[in-house]
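These notes concern the structure reproduced below.
Values in this text are rule-based calculations from the coordinates and carry no lab data. Model, not experiment: these values are computed from the prediction. Note that we place each Cβ from the backbone using ideal geometry, even for glycine, and neighbour counts take in every protein chain shown.
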Amino acid sequence: MSFDHEALVLFLALFALYSPVAALSSYLPIVRPYTHSQQLRLAVGLVVNVVVFVLLAIWVGEPLLELLGISTAALTATGGIALIFAAVPLMRGTGGVAPPPSDDADAEPASEAAAARSVLFTPITFPLTVGGTTFAFGVAASADVGGVTGRLWLSVAALAYAVVTGVTLYLSGHVERRISSAAAAILDRVAGILLTSIAVVLLTNGFTDLVVARLDRG
């Protein structure tokens, strides 16, 4: 199988796992408190984070996990726990994912950037966009191609996937600005239910894989 075909397979696998339509609805309540410029900054930051995450999986994933003693199952379970903290308040209608930024026109740019960064890694990057399964895909694809040339092709696929995630996050900001406050409140509840469901699935799958791995070693 050619290297470019392996790269295409990795991209399609990551794309299917990510599911842009579902991800867009999950991003809505998170990006709502932020301005258009902050949402654009979040989208660019997400592209960078995803590229770094998947490239780590491709180039040093397997030895890194062995060195740290962390499994992809543990990453998946951790993602579920992190997502629950963000999702349950939304589902209950008791609060958003992050406080809104300051309305002060003289606010320092650094303060605005800090407000956006507060949600960029968790929950936007991890676990909504990438997680243990994403990392496992990268590690498996890297093992299949073996050499440097194949990993370079996989890196191109990683960049393409990262761009898809950034565009999806950016589009969620456009969707958010075109809905009424009443509709936004309903969508917050729906998104909270969806995010909580995703969190439960991640948590269950992660712990199940951990138990199975422990039994196999026993």
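Placing dummy labels 7 Å off each Cα toward the beta-carbon, the span from ALA16 to LEU159 is 2.6 nm. With an a/c value of 1.5 or above and a/b not larger than b/c for the gyration tensor axes a ≥ b ≥ c computed over the alpha-carbon atoms, region 7-54 is described as oblate. Rounded, prolate or oblate: which fits region 119-218, taking a ≥ b ≥ c as square roots of the Cα gyration tensor eigenvalues, rounded meaning a/c under 1.5, else prolate when a/b beats b/c? Oblate, since a/c reaches 1.5 and b/c is not below a/b.
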